[in-house]
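Here it is: the structure, laid out below.
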Amino acid sequence: MTYTAVLFDLFDTLVRFDRDRMPEIQVNGRTVRSTAGHLHQVLRSHAPEISLEACYEALVESWREAERLRAIDYREVPAPERFDHFFRRLALDPARLPPGLGQTLIDTHRSQLGKAAEFPLHHGPLLERLARRYRLAVVSNFDYTPTAVDILEREGVARRFSAIVVSDAVGWRKPKREIFDEALRRLDVGVDEALFVGDRADIDVLGAQQIGMDAAWINPEGAPLPPGITPPRYELRDLADLGAILGV
């Protein structure tokens, strides 16, 4: 096939999320990895009655509620909405807190999450070679676009992408077609001119296939394809395999 554009998933495709790089805290006698310690440091000067344990539980509950809502119809729950739930769980009224505190908490959370993203060294040269021949885009399910942009800028590769499309800005998550359509619109390419690369068969491969786009599935462990999903055009063990497929 001849392509003019290559679209990438972000987490566990371009970058690997390593939970062991998250900060450690002690909660109820056990060690957990969470951003809650940093959030609590921000929050306690304004709401000293909130304990670290309560902060952690509210953060976990806000994530669970966001995941519940996303599973209904793939609508994104953006970070500000998630943190509204966080405040409600703590019985805090944002209107009674200092202006901008919610944004400070989101940015603190974002900073710590970004540190857990590991960018494999060989991905940079591959993207550089691909960018000479193809229009590149990132299409990511995530609740806060600045986190994705920060990670790519930190690694010096953001400039390789003509579009960075994140679900919080679109309102819909993969496999819904709206997020793929938005990326193709920004790239100004047709669906038959693009290849989508991702690690989730049920989200990345299926979503691309549903709009008629070819897909390359990163499947390092050789896992079986989930039932009901057509085999993708390509199956890779590592993103490096894409170079040989696309001739770069």
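The values are calculated or read from the model by the stated rules, or taken from the named source; none is laboratory data. If you're wondering where the values come from, they're calculated on a predicted model, not measured in any experiment. Every residue, glycine as well, gets a Cβ built from its backbone with ideal geometry; the counts of neighbours run over all protein chains shown.
Give the stretch 35-58 a look and list any residue that's in contact with a Phe, Trp or Tyr (Cβ under 6 Å, 6 or more places away or on another chain) and more than 13 Å from Ala91 (Cα to Cα), or say none.
Ala36
Residues Ala158, Ala137: which one is among the small types (Gly, Ala, Ser), without any contact (Cβ under 8 Å) to a residue 12 or more places away in the chain and more than 25 Å from Leu59 (Cβ to Cβ)?
Of the residues listed, the single one that is among the small types (Gly, Ala, Ser), without any contact (Cβ under 8 Å) to a residue 12 or more places away in the chain and more than 25 Å from Leu59 (Cβ to Cβ) is Ala158.
Yes/no matrix, rows are residues, columns are (1) of a type in the set (S, T, N, Q); (2) surrounded by fewer than 21 Cβ atoms within 10 Å (Cβ to Cβ):
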site	(1), (2)
Asp20	no, yes
Thr31	yes, yes
Thr35	yes, no
Leu43	no, no
Ile50	no, yes
Ala54	no, yes
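Filtering the stretch 21-40 down to residues that are part of a helix (DSSP H, G or I) and free of Cβ contacts under 8 Å to residues at least 60 places away in the same chain, which residue is farthest from Phe196 (Cα to Cα)?
Only one residue fits best here, namely His40.
Picking from Ala79, Ala116, Ala95, which residue would you name as being small (Gly, Ala, Ser), out of contact with any Cys (no Cβ under 9 Å at 6 or more places or on another chain) and farther than 27 Å from Arg173 by Cβ?
Ala95
Something else now. Among the residues that make up the stretch 116-138, is at least one of them within 12 Å of the chain's Cα centre (by Cα) and modelled with pLDDT of 95 or more?
The answer is yes, given that some residue of the stretch 116-138 is within 12 Å of the chain's Cα centre (by Cα) and modelled with pLDDT of 95 or more.
Hey, another quick one. Check the stretch 123-131 and report whether any residue there is over 14 Å from Leu14 (Cβ atoms) and touching a residue at least 24 places away in the same chain (Cβ under 8 Å).
yes
Here is a check on your reading of the model: is Leu206 touching a residue at least 24 places away in the same chain (Cβ under 8 Å), more than 20 Å from the chain's Cα centre (by Cα) and part of a helix (DSSP H, G or I)?
Spelling it out, it is not the case that Leu206 is touching a residue at least 24 places away in the same chain (Cβ under 8 Å), more than 20 Å from the chain's Cα centre (by Cα) and part of a helix (DSSP H, G or I).
Would you mind finding the one in Val149, Val157, Val139 that is touching a Leu at 6+ places or on another chain (Cβ under 6 Å), more than 17 Å from Arg16 (Cβ to Cβ) and surrounded by 15 or more Cβ atoms within 10 Å (Cβ to Cβ)?
Result: Val139 is the single residue among Val149, Val157, Val139 that is touching a Leu at 6+ places or on another chain (Cβ under 6 Å), more than 17 Å from Arg16 (Cβ to Cβ) and surrounded by 15 or more Cβ atoms within 10 Å (Cβ to Cβ).
Residue-wise test of (1) among the polar types (S, T, N, Q); (2) closer than 18 Å to Ala116 by Cβ; (3) over 17 Å from the mean Cα position of the chain (by Cα).
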{"residue": "Thr2", "(1), (2), (3)": "yes, no, yes"}
{"residue": "Leu7", "(1), (2), (3)": "no, no, no"}
{"residue": "Ile25", "(1), (2), (3)": "no, yes, yes"}
{"residue": "Arg33", "(1), (2), (3)": "no, yes, yes"}
{"residue": "Leu43", "(1), (2), (3)": "no, no, yes"}
{"residue": "His46", "(1), (2), (3)": "no, no, yes"}
{"residue": "Glu57", "(1), (2), (3)": "no, no, yes"}
{"residue": "Arg88", "(1), (2), (3)": "no, no, yes"}
{"residue": "Asp93", "(1), (2), (3)": "no, no, yes"}
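Given (1) touching a helix residue (DSSP H, G or I) at 6+ places or on another chain (Cβ under 9 Å); (2) in contact (Cβ under 8 Å) with a residue 40 or more places away in the chain; (3) not in a loop (DSSP other than H, G, I, E, B), identify the lone condition not met by Ala169.
Result: Ala169 passes all but (2).
Filter the stretch 209-248 down to residues that are of a type in the set (Gly, Ala, Ser) and part of a loop (DSSP other than H, G, I, E, B), then give me how many there are.
6
Among the residues that make up the stretch 51-66, is at least one of them aliphatic (A, V, I, L, M), assigned to a helix (DSSP H, G or I), assigned by TED's automatic domain parsing to the domain that holds Val170 and under 30 Å from Leu184 (Cβ atoms)?
no
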